[in-house]
Amino acid sequence: MGRKPIYTRVYNQLRYQILSGELAIGSPLPPERKLAAQLGVSRNTVVRAYAELEAEGFIASRMGSGRYVEALPPAPRIRRIDWNSQHGYESLAASPSHMAELLEVTDRCPNPINFAHGDGGKHTLASSRFSDYVKATAEELPSYYFTSVQGLPQLRELLVEWMGMEQISSPEQVTITSGSQEGLYLITTLLARPGNCIVTEMPTYFGSLQLFQSLGLQIVPVPLDADGMRIDVLEGVLARCRPRFLYTVPTYHNPTGRTLSLERRKRLLALSERYGIPIVEDDAYRHLHLAEEPPPPLKALDETGSVIYLNTFSKLLFPGLRIGWVAASRPFVRLLTRLKELSITTNTLGQLAVAAFLRDGALLPHLTDARRQYAEQAAIMERHLERLRPLGIRWERPAGGFYFWLSLPEEINPRRLMTLCREQGVLIACGDMFLLREAEQPYIRLCFTHERPEQIDRGMAIIARLLHEQKELMT
Ligand SMILES: Cc1ncc(COP(=O)(O)O)c(C=O)c1O
């Protein structure tokens, strides 16, 4: 490596970046002096590397505006791969990248007051003592190898017991996934092809929306009211189109917090049976009621096996654990597991730790304690919201889950508000992530469970100040 002249290293590096598409056609190259300083080489080295690339037609100079990456060199000996046309998913790059945006935001804004992410907060996790189970499991790992593709048998058995549904009576009906998002990805890949249509509530959980859009599915939206998904509207939709499946978060829906009434659950199941449409029930928030318990899951009312049930430890413990599960009829679970096999399995350490936690009966006391804290946090956030009512802010008190879904006055731009909040160290989720099109009324979503009470006070004071300023500016 030391024998080669330095300029060939610079030349090779730039050539690789151009051929691999890292430097796109037409993109500018840094001035010689700047690149020399960046790479810690002399300006002459860069001049020589540029001259060589120019002679081969990789780059060209334009008078007065520096050098640019050229289209393919004439009569190329090497064919450049165009990554944008090499893959089969045009919709992937075309759809919004909300998940990445939301996950990266804490890298750009360290130690924020976080109302954007949906999780139960460090304080409740600490009191669950889950970390003790992780430590003990790591010390006594029975095997450094994998567990089965379908997931650790003991964990699946414990989950059957935890769900307590007669429809799911065997661990054979359960597959562990890397979060319920992977479960939804697998289900969608099995049931639908690009161009097929699916039905879901609108607004809906942004991760599902991004997934459906990226896979090129046609999304038919159904609105919600205080009793959850509007089944009368759904009836009209089904009379006109036959979706591949219906995706729903019937209990403490994300982002609205609404719950499908028992009567509507029965009507929804009757429709699914009449038209033969699978229902994907995402039950992530079921155990997070703030007062009384919600109606039973759709799966517990399912008489024909049409419901595919999804749940996750992301909301019961923490999202970084990446452990969720799918429970359904055996033939569907077998298919799903075949597809899951292509990415091997879910992490063993996490599964063992969760199994130990469940076996010890530690989940229920943790949830009882967490729910008490969440109710207090929700009340604190709502006190702040009450003071914002005169500004035209509207919301419904959620009966469970993690969020307040706020409707803002028309003159407030939620994206602008989100940016201003971030500059002040407060993270919020913008409503358009949960909608197919920008709604007529702007929305934001605030998670009340992540921050402790003092931080909620601080963060809400900042949001209130910014809202007042924005409102004044616009009137
Ligand atoms: C309704 C719903 N489903 C699934 C997920 C993602 O869960 P996981 O972290 O298990 O992939 C979320 C996270 O916000 C959610 O709100």
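Remarks
- The condition (being over 27 Å from Leu446 (Cβ atoms), in contact with a Pro (Cβ under 6 Å, 6 or more places away or on another chain) and part of a loop (DSSP other than H, G, I, E, B)) is satisfied by just one residue among Gly216, Gly257: Gly216.
- Among the residues of the range 207-216, some residue qualifies, meaning at least one is more than 18 Å from Glu182 (Cβ to Cβ) and either at pLDDT 95 or above or assigned by TED's automatic domain parsing to the domain that holds Leu268 (or both).
- The listed residue being without any contact (Cβ under 8 Å) to a residue 24 or more places away in the chain, among the acidic types (Asp, Glu) and either away from the ligand (no atom under 16 Å from the Cβ) or in a strand (DSSP E or B) (or both), out of Glu386, Glu411, Glu396, Glu376: Glu386
- Between Ser143, Ser127, Ser148, the distinction of being in contact (Cβ under 8 Å) with a residue 40 or more places away in the chain, surrounded by fewer than 17 Cβ atoms within 10 Å (Cβ to Cβ) and part of a helix (DSSP H, G or I) belongs to Ser127 only.
- Residue in the range 156-173 that is nearest to Gln213 (Cα to Cα), counting only those that are away from the ligand (no atom under 15 Å from the Cβ) and in contact with a strand residue (DSSP E or B) (Cβ under 6 Å, 6 or more places away or on another chain): Gln173
- The C-beta contact set for the range 279-299 (first residue in the same structural domain as Ile187 (by TED's automatic domain parsing) and farther than 22 Å from Phe245 by Cα, second residue within 14 Å of the ligand (Cβ to nearest atom) and not polar (S, T, N, Q), distance under 6 angstrom, 6+ apart or interchain) comprises Leu288/Gly400; Leu288/Gly401; His289/Gly400; Leu290/Gly400.
- Residue check for Gln218: surrounded by fewer than 23 Cβ atoms within 10 Å (Cβ to Cβ), within 15 Å of the ligand (Cβ to nearest atom) and not hydroxyl-bearing (Ser, Thr, Tyr): no
So that you can scan it fast, the table gives a plain yes or no per residue for (1) within 22 Å of the chain's Cα centre (by Cα); (2) in a helix (DSSP H, G or I):
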residue	(1), (2)
Phe404	yes, no
Cys421	yes, yes
Asp432	yes, yes
Leu446	yes, no
Asp457	no, yes
Ile463	no, yes
Leu467	no, yes
Glu472	no, yes
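- Residue check, Pro243 within 14 Å of the ligand (Cβ to nearest atom) and on the phi < 0 side of the Ramachandran plot: no
- Among the residues examined, Glu303 does not qualify as under 24 Å from the mean Cα position of the chain (by Cα) and of a type in the set (Asp, Glu).
- Test: residue in the range 22-30 that is within 30 Å of Gly216 (Cα to Cα) and among the polar types (S, T, N, Q): yes
- When every residue of the range 282-291 is checked against the conditions, at least one turns out to be aromatic (Phe, Trp, Tyr) and within 16 Å of the ligand (Cβ to nearest atom).
- Residue within the range 193-203 that is among the charged types (D, E, K, R), over 22 Å from Gly118 (Cβ atoms) and either part of a helix (DSSP H, G or I) or within 14 Å of the ligand (Cβ to nearest atom) (or both) present: no
- In the range 292-325, the residue that is farthest from the ligand (Cβ to nearest atom) out of those that are part of a strand (DSSP E or B) and among the aromatic types (Phe, Trp, Tyr) is Tyr309.
- Evaluation of Ser170 against (1) small (Gly, Ala, Ser); (2) over 24 Å from the mean Cα position of the chain (by Cα); (3) within 30 Å of Trp405 (Cβ to Cβ) (one fails), failing number: (3)
The values are calculated or read from the model by the stated rules, or taken from the named source; none is laboratory data. Since we're looking at a predicted model, the values are computed, not measured. Every residue, glycine as well, gets a Cβ built from its backbone with ideal geometry; the counts of neighbours run over all protein chains shown.
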